1. Test of the criteria: in the stretch 1-106, which GluC sites (Glu not before Pro) are in a DSSP loop and have at most 11 other Cβ atoms within 10 angstrom of their Cβ?
2. Exactly which trypsin sites (Lys or Arg not before Pro) in the stretch 106-189 are in a DSSP loop and have at most 13 other Cβ atoms within 10 Å?
3. Among L192, L177, L212, which one shows the biggest mean-square fluctuation in a GNM of the chain, springs joining Cα atoms closer than 10 Å?
4. So for the stretch 2-55, averaging the separation of alpha carbon pairs under 8 Å that are six or more residues apart and normalising by length, what relative contact order in percent results?
5. Where the Cα atoms of the stretch 2-55 are projected onto their three principal axes, how long is each span, largest first, in whole Å?
6. Just want to confirm a number: the relative contact order over the stretch 76-220, from Cα pairs under 8 angstrom separated by 6+ residues, in percent.
7. P(r) of the chain in 5 Å steps, Cα pairs, percent per bin?
8. About its Cα centre, how strong a charge dipole does the chain have in debye, to the nearest 20, once Lys and Arg get +1 and Asp and Glu get -1 at the Cβ?
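Every read-out reported here was derived from the displayed coordinates using simple, explicitly stated rules and does not represent laboratory data. Keep in mind that what you see is a predicted model, and the values were worked out from it rather than measured. So basically every Cβ, Gly included, is an ideal-geometry build from the backbone, and we count neighbours across all protein chains shown.
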Amino acid sequence: MRCRLSLNKRHGCLSREEAVSLAEAYGCSLGEEGPAVVLECSDCAVARRAAFARPAESPRDKPLEMRERSVVTMDALTARLLANLAMSRPLSRVLEPFVGSGAIAAEAERYGAYVVGVDIDISMLRRAARNTSADLVQADSRILPFRRAFDAAVGDAPYGRMSVVEGDVEGLVRQFLDEAMSVVKGRVVLALPIYFDAPQLRSCAMYIHGGLYRVIALAQSGGGPS
C-alpha cells in the first residue's frame, strides 16, 4: 500500500528522519515523490502516526491529552516525534530517562511499546504515573539499575529552573550516553540544549518557542546484554 508523507517545510530535517525511522521500524520501503516521501507498507496506519511529516491521504492520529502537566511538559506532537525517531513499535522495549511528566512514554506506549521511565525526582514520577502506565523507577540516569537490554532509549534532557539537575546538564547527558551503551542495543534519541556540542551524533535543530531551540540528537548504541 502506498502511503504519502509530506515533509514539514519548517522542520525538513526532522520530518525526513521521522519518515525514515517509521519505514525502518515497520519494514516499509521508502521512496521520493516530489516534495513528499512515499512509504510502501502493508497498512497506512503507520503514516497516520507521523508527527512532523504529514500523511497525505488521511489525518494524523490525534495528540494524546495529558491528565497532568507541568510548565516543562513536552507537547504531544513533539513527544510523538521523539517516540517515532526511537522506532517505538509493538513489543519494543523503550527506556525513557528524565521521564518527567511522561509525555514521550505515553506516546511510545500508545503504539505498543513497553516503556520504563526513570527520574531522580519523585514528584515528577508521581505526575508521570497519572499520564502513563509505564513502569516508573526512581533512579539516577547516570547509574541505571538495569542489566537487560532495551531496544531504544528516548528522552528530553532536563533544563530550566523547574528541573532537578545535580551538576551541569551537559555532564549529565554525557554520563547517560556512556551508561546507555551497556543497556540499550538500538537507537538513543535525546532532545538537548542547543549549546550541547556532540559532533559525533546525527542531529537536527528544532525551534521551540520564543528564543528557545533544542537539538534532537540520534545515536546508535553498541548494545547491552540480550
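1. Taking the stretch 1-106 and a limit of 11 other Cβ atoms within 10 Å, the loop GluC sites (Glu not before Pro) found are E65.
2. Details: sites: R110, R126, R127, R130, R142, R147, R148, R161, R174, K185, R187; in loops: R130, R142, R147, R148, R161.
Passing sites in the stretch 106-189 are R130, R147, R148, R161.
3. Maximum fluctuation in the GNM of the chain, among the listed residues, is at L212.
4. It rounds to 51 percent for the stretch 2-55.
5. Largest to smallest, the principal-axis extents are 29, 19, 15 Å.
6. Relative contact order comes out at 20 percent.
7. 1, 7, 15, 20, 21, 17, 11, 5, 2, 0
8. Taking the Cα centre of the chain as origin, the dipole is about 440 debye.
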